[in-house]
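Notes for the one structure printed next.
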Amino acid sequence: MATLHTRASARLMMAPSVIVLFAWMIVPLAMTLYFSFQRYNLLSPDEHGWTGLLNYTYFLTDPAFGDALTNTLLLVGGVLAITVVGGLCLALMLDQPFWGRGIVRLLVIAPFFVMPTVSALVWKNMLMNPVYGVFAWIARTLGVEPIDWLADVPLLSIILIVAWQWLPFATLILLTALQSLDTEQQEAAEMDGAGVVGRFIHLVLPHLARPITVVILIETIFLLGVFAEILVTTGGGPGTATTNIVYLVYSQALLQFDVGGASAGGIVAVVLANIVAVFLIRLIGKNLDR
Amino acid sequence: MARAVTTRRKALLTVIGWTVGFLVFFPILWTVLTSFKTEGEAIANPPSFLAFDWTTENYTEVQHRSDYFLHMMNSVVISFGSTALGLLFAVPAAWAMAFAPGKRTKDILMWMLSTKMMPAVGVLVPLYILFRDSGLLDTRVGLVGVLTLIDLPLIVWMLYTYFREIPGEILEAARMDGASLGKEIVFVLAPMAVPGIASTTLLNIILSWNEAFWTLNLTTSNAAPLTAFIASYSSPEGLFWAKLSAASTLAIAPILVLGWFSQRQLVRGLTFGAVK
């Protein structure tokens, strides 16, 4: 039905979005790329010039980079493990009928709507403080020596905070998927004598394979960018114990004013994120064809 | 489900369910409770759960000392502004993609999605410099602009998945009756598109309200929204737990309520329609 006329107006309607997004994608990225080959520090703006790959060499051979890469992977992996397993358990629980299920579901998804700076500060102070925190009180009640979470196990603490924020996301998506599971098929399997475990492995899990993949990929995109939680709790420390790639680039740019080095780091972060993005885009693209 | 659920089983599940729900919700509950305590009771040991002198002075104190409403207004302007501007760009685009798809439509959609994958930190340096040189640092206008661009792919996608569900036959019928494109949009399609636009708006306001990379890096004080304002409590001299809790409660309450209303849209929006 699309006539020449409607096709022309369709193009006109899409143009503004495409143009601004194109500019948004190309201009800053090109600048980052350009800066990454420059010697450029905001504190000494006169020394300016090409340095070839020197910024990359510095960034990639800096021991902090190795730490940051490890921390980034541990953070993403740790949060994914907790949220996928925890989210699956919560979704299975919320799929069962019980009294007040609607309210419990609201309670469980609530953390997702808490802004990152609030959740990080609430956990850091009121829960994880080694003297006045609730965790310390629980530990003492049980007769255990309380631990200083953010000093003794800083990365684990950050993982817990971020996992708490993302648990609702995994739960909600897996629950939505569970609810679209064919109940007749379930009942048929039950009639044929399949046990709870058998039904879970052969019916439920295969059905959840796709949503779990979606959860993993989308969370990864966001988790690679974790920043606020680190900024307000540990500031990347102690040492580089909680510095991830994002925080490392941030500290080079806005704390050390090293534009060249930070830009090289930014490009490295873009490359890393793109590796994940390729998989996600393929998965969602397949969905478009249906 | 036809299966009979025994009352015992249901009672057991109820206990487990509520316990787990309580545990997950506890940090938020604790924040709300602490906001009504005095600073002394906030760090009392053992902690008092309900038996304390309830006070609302933290709330007045927070406004008094740090002009809370300025930051609240910044959050409102930034999240509503970027959402409105994003819709202005996205509605026509999603519309065209859903109702007059061409050969390239799918490619354009996937490309838009890919811009969302670009890590913010990759463009932090140039954006900071551009903002500094053009005087946009710490302004609401600057942040509205950046958040609009960040949100745009998601808005287009969400709208597209909603618009695509509007049956095309209705369009053809309207065309047969001789309706122009303009009339077609205003009288036939717009009423059917409103729910999708509303859900998109809601989810996007929530996401921009909580955005905490650009708001932290591109503002200092004047344009700082609540995310950045709360972050100022991280300094050691700012450790007043009761006041931190009061400020936090105010910052999350409105968005939590909106969020509870938008559960289903959340799934659809954040998975780009991959899970419905």
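The values are calculated or read from the model by the stated rules, or taken from the named source; none is laboratory data. Quick caveat, the model's predicted, so the values are computed rather than measured. Cβ sites come from the backbone with ideal geometry, for glycine too, and all protein chains shown count toward neighbours. Surface areas here come from the heavy atoms of the whole protein model, side chains and all, with no ligands, DNA or RNA. Shrake-Rupley method; radii C 1.70, N 1.55, O 1.52, S 1.80 Å.
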For this session: Could you identify the single residue in A:Thr183, A:Thr117, A:Thr176, A:Thr213 that is more than 25 Å from B:Ala242 (Cβ to Cβ), in contact (Cβ under 8 Å) with a residue 60 or more places away in the chain and either of a type in the set (D, E, K, R) or out of contact with any strand residue (DSSP E or B) (no Cβ under 9 Å at 6 or more places or on another chain) (or both)?
Result: A:Thr213
For this session: Considering only region B:194-263, give the helices (runs of 4 or more DSSP H) lying wholly within it that have at least 2 residues that are open to solvent by 10 Å² or more (accessible area, probe 1.4 Å) and of a type outside the set (S, T, N, Q).
Result: B:226-231, B:241-261
For this session: Just need a number here: residues in region B:109-130 that are open to solvent by 20 Å² or more (accessible area, probe 1.4 Å) and farther than 14 Å from A:Ile284 by Cβ.
Result: 5
Seminar exercise, completed: Counted residues in region B:128-148 being out of contact with any Ser or Thr (no Cβ under 9 Å at 6 or more places or on another chain) and among the aliphatic types (A, V, I, L, M) come to 4
For this session: Output the residues belonging to region B:37-64 that are in contact (Cβ under 8 Å) with a residue 60 or more places away in the chain and either under 25 Å from B:Ala228 (Cβ atoms) or in contact with a Gly (Cβ under 7 Å, 6 or more places away or on another chain) (or both).
Result: B:Glu39, B:Ala42, B:Asn58, B:Tyr59, B:Glu61, B:Val62
Exercise. Of the residues A:Thr57, A:Thr51, A:Thr61, A:Thr6, which is within 13 Å of chain B (Cβ to nearest Cβ) and of a type in the set (S, T, N, Q)?
Worked result: A:Thr6
Seminar exercise, completed: Condition set at the interface with another protein chain (Cβ under 9 Å from one of its Cβ atoms) and under 17 Å from A:Gly78 (Cβ atoms), scope region A:223-242, selection surrounded by the fewest Cβ atoms within 10 Å (Cβ to Cβ): answer is A:Gly225
Problem set entry | Count of region B:11-46 residues which are facing chain A (nearest Cβ under 7 Å), modelled with pLDDT under 90 and surrounded by fewer than 19 Cβ atoms within 10 Å (Cβ to Cβ) | 2
Problem set entry | Residues of region A:81-106 classified as at negative phi, over 27 Å from the mean Cα position of the chain (by Cα) and not in a helix (DSSP H, G or I), total | 4
Problem set entry | Given (1) touching a residue at least 40 places away in the same chain (Cβ under 8 Å); (2) in contact with a helix residue (DSSP H, G or I) (Cβ under 6 Å, 6 or more places away or on another chain); (3) among the small types (Gly, Ala, Ser), index of the condition B:Ser221 fails | (2)
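How do the helices (runs of 4 or more DSSP H) wholly within region A:163-282 filter down when requiring 1 or more residues that are closer than 30 Å to A:Ser36 by Cβ and at pLDDT 85 or above: which remain?
Values: elements: A:183-191, A:196-199, A:205-223, A:228-233, A:245-250.
Per the criteria, A:205-223, A:228-233, A:245-250.
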Problem set entry | Pairs with Cβ under 9 Å, 6+ apart, first in region A:131-146 and more than 10 Å from chain B (Cβ to nearest Cβ) and open to solvent by 80 Å² or more (accessible area, probe 1.4 Å), second of a type in the set (Gly, Ala, Ser) and outside any loop (DSSP other than H, G, I, E, B) | A:Glu145/A:Ala139
Exercise. So A:Leu60 clears everything in (1) open to solvent by less than 30 Å² (accessible area, probe 1.4 Å); (2) touching a residue at least 40 places away in the same chain (Cβ under 8 Å) except one condition, right? Which one?
Worked result: (1)
Exercise. All but one of (1) in contact (Cβ under 8 Å) with a residue 12 or more places away in the chain; (2) of a type in the set (Gly, Ala, Ser); (3) out of contact with any Phe, Trp or Tyr (no Cβ under 6 Å at 6 or more places or on another chain) hold for B:Ala190; which doesn't?
Worked result: (1)
Exercise. What do you reckon, is B:Asp53 over 15 Å from the mean Cα position of the chain (by Cα) and closer than 21 Å to B:Ile252 by Cβ?
Worked result: no
Problem set entry | Scope region A:112-156; condition part of a loop (DSSP other than H, G, I, E, B), under 30 Å from B:Glu211 (Cβ atoms) and at pLDDT 90 or above; matching residues | A:Val114, A:Met115, A:Met128, A:Val153
Exercise. Among the numbered criteria (1) in contact (Cβ under 8 Å) with a residue 24 or more places away in the chain; (2) out of contact with any Phe, Trp or Tyr (no Cβ under 6 Å at 6 or more places or on another chain), which single criterion is violated by A:Arg282?
Worked result: (1)
